[in-house]
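Q: Handing you a structure now.
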Amino acid sequence: MIEIKDLHAQVEGREILKGLNLTIQPGEVHAIMGPNGAGKSTLSAVLAGREGYEVTSGSVTFEGQDLLEMDIEDRACAGLMLAFQYPVEIPGVKNVYLLKAALNAQRKARGEPEIEAPAFMKLVREKLEFMQMDNTFLHRAVNEGFSGGEKKRNEILQMLLLEPKLALLDEIDSGLDIDALKIVAQGVNSLRAAERSILMITHYQRLLDYIVPDYIHVLADGKIVKSGDKSLALELEKRGYDWLLEANA
Ligand code: ADP
Ligand code: MG
Ligand code: MG
């Protein structure tokens with residue numbers, strides 16, 4: 001699905017990613033953990049193609065294509081989708097409008113006709129219900145005045161609708177109470193499929209009790225310094241990150 005090789009990236013002239021390697025196969029769920037400031041959000045921003053993040057060397061191949069050559073829209077249409085750590089509010093744009101526009105842009109890129117209004121409403125209501133959101137969320141401006149938990153649920157709602165090939169989740173658990181966390185996890189778990197990959201970034205082990213990854217990686221100082229299976233999360237919970245930082249210093 002995606003192969004990241006020796007990736008180096010800068011933000012405002014400062015090197016943040018310092019030779020990152022990661023390969024994810026279709027159907028796999030990977031988690032990236034690591035201390036604050038390690039470069040986790042920078043990695044997701046680089047993969048999503050956000051402005052201001054400059055790749056200085058290395059490569060990223062997404063389904064055989066050079067991801068770094070693609071612009072943001074191309075990446076989205078190719079099936080890479082990012083749920084943000086801090087979802088943006090878009091005043092004046094109704095949530096339902098954004099969802100429909102995003103779905104139709106994807107269909108257009110695939111040469112499919114626009115979805116008809118009744119079919120769209122049926123689909124979106126089904127997904128809303130799954131995320132335990134009521135219909136009023138469709139008619140409010142995107143994320144405006146949403147609580148932290150509602151914003152995160154709205155991000156997953158978009159994913160359920162757009163069905164990305166690679167879903168990147170940046171700290172989808174931050175700021176969630178346990179009930180919201182369970183709903184978000186249920187949404188993410190429903191995305192698991194043989195042809196889809198999920199990369200979730202988290203600071204806490206707690207999320208991994210609900211979404212159990214196939215692999216866990218520790219990102220520290222711009223590199224993956226340790227990889228393992230889900231038992232690594234328990235070890236990190238007990239020992240923290242310092243022992244890994246010292247070993248790699
Ligand atoms: P993490 O998500 O692991 O906590 P980040 O990727 O957000 O870490 O940040 C890594 C480093 O890059 C931090 O030192 C942060 O201050 C810096 N950084 C990230 N984004 C920006 C930005 N837009 N401008 C300046 N510095 C940034
Ligand atoms: Mg952080
Ligand atoms: Mg972050």
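The values are calculated or read from the model by the stated rules, or taken from the named source; none is laboratory data. Treat the numbers as computed from the prediction; the structure is a model and nothing was measured. Cβ placement follows ideal geometry from the backbone for every residue including glycine, while neighbour counts extend to all protein chains displayed.
Q: Quick one: which helices (runs of 4 or more DSSP H) sit completely within the range 39-134 and have at least 2 residues that are within 16 Å of ligand 1 (Cβ to nearest atom) and modelled with pLDDT of 95 or more?
A: 40-48
Q: Sticking with this structure for a sec: Between a residue in the range 28-44 that is touching a residue at least 40 places away in the same chain (Cβ under 8 Å) and under 15 Å from Leu17 (Cβ atoms) and any residue that is within 11 Å of ligand 3 (Cβ to nearest atom) and basic (Lys, Arg), which pairs come within a Cβ distance under 8 Å, given they are 6 or more apart or on different chains?
A: These pairs meet every condition: Ile32/Lys40; Gly34/Lys40.
Q: Suppose we filter Glu150, Glu163, Glu155 for residues that are over 13 Å from the mean Cα position of the chain (by Cα) and closer than 17 Å to Arg125 by Cα; which single one remains? Before the answer, list the steps.
A: Values: Glu163 fails: over 13 Å from the mean Cα position of the chain (by Cα); Glu155 fails: over 13 Å from the mean Cα position of the chain (by Cα).
Selected residue: Glu150, the only one of Glu150, Glu163, Glu155 that is over 13 Å from the mean Cα position of the chain (by Cα) and closer than 17 Å to Arg125 by Cα.
Q: Which of the helices (runs of 4 or more DSSP H) found entirely inside the range 135-239 contain at least 3 residues meeting this: hydrophobic (A, V, I, L, M, F, W, C)?
A: The qualifying helices (runs of 4 or more DSSP H) are 148-162, 178-191, 231-239.
Q: Exactly one condition in (1) away from ligand 3 (no atom under 16 Å from the Cβ); (2) of a type outside the set (Val, Ile, Thr); (3) more than 25 Å from Pro164 (Cβ to Cβ); (4) in contact with a helix residue (DSSP H, G or I) (Cβ under 6 Å, 6 or more places away or on another chain) is not met by Leu208; state its number.
A: (3)
Conditions (1) surrounded by fewer than 17 Cβ atoms within 10 Å (Cβ to Cβ); (2) in contact with a Lys or Arg (Cβ under 9 Å, 6 or more places away or on another chain); (3) of a type in the set (Val, Ile, Thr), marked per residue:
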position: Ser41; (1), (2), (3): no, no, no
position: Ser44; (1), (2), (3): no, yes, no
position: Val55; (1), (2), (3): yes, no, yes
position: Val60; (1), (2), (3): no, yes, yes
position: Asp71; (1), (2), (3): yes, no, no
position: Arg75; (1), (2), (3): no, no, no
position: Phe84; (1), (2), (3): no, yes, no
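Q: If you don't mind, another one. Residue by residue through the range 185-203, note down the ones that are surrounded by 19 or more Cβ atoms within 10 Å (Cβ to Cβ) and under 25 Å from Gly240 (Cβ atoms).
A: Matches in the range 185-203: Ala185, Leu199, Met200, Ile201, Thr202.
Q: Val46 passes all but one of (1) β-branched (Val, Ile, Thr); (2) within 26 Å of Leu236 (Cβ to Cβ); (3) away from ligand 3 (no atom under 16 Å from the Cβ); which number fails?
A: (3)
Q: Failed condition for Ser57, given (1) in contact (Cβ under 8 Å) with a residue 24 or more places away in the chain; (2) under 16 Å from Leu82 (Cα atoms); (3) more than 15 Å from ligand 3 (Cβ to nearest atom), with all others met?
A: (2)
Q: Let me ask you something else. Is it fair to say Ala31 is within 16 Å of ligand 2 (Cβ to nearest atom) and in contact with a Pro (Cβ under 7 Å, 6 or more places away or on another chain)? Write out each step before concluding.
A: Numbers: within 16 Å of ligand 2 (Cβ to nearest atom): yes; in contact with a Pro (Cβ under 7 Å, 6 or more places away or on another chain): yes.
Spelling it out, Ala31 is indeed within 16 Å of ligand 2 (Cβ to nearest atom) and in contact with a Pro (Cβ under 7 Å, 6 or more places away or on another chain).
Q: Name the residues in the range 140-184 that are among the basic types (Lys, Arg), within 16 Å of ligand 3 (Cβ to nearest atom) and in contact with a helix residue (DSSP H, G or I) (Cβ under 7 Å, 6 or more places away or on another chain), would you?
A: If the condition is that a residue be among the basic types (Lys, Arg), within 16 Å of ligand 3 (Cβ to nearest atom) and in contact with a helix residue (DSSP H, G or I) (Cβ under 7 Å, 6 or more places away or on another chain), then Lys152 is the only one that fits.
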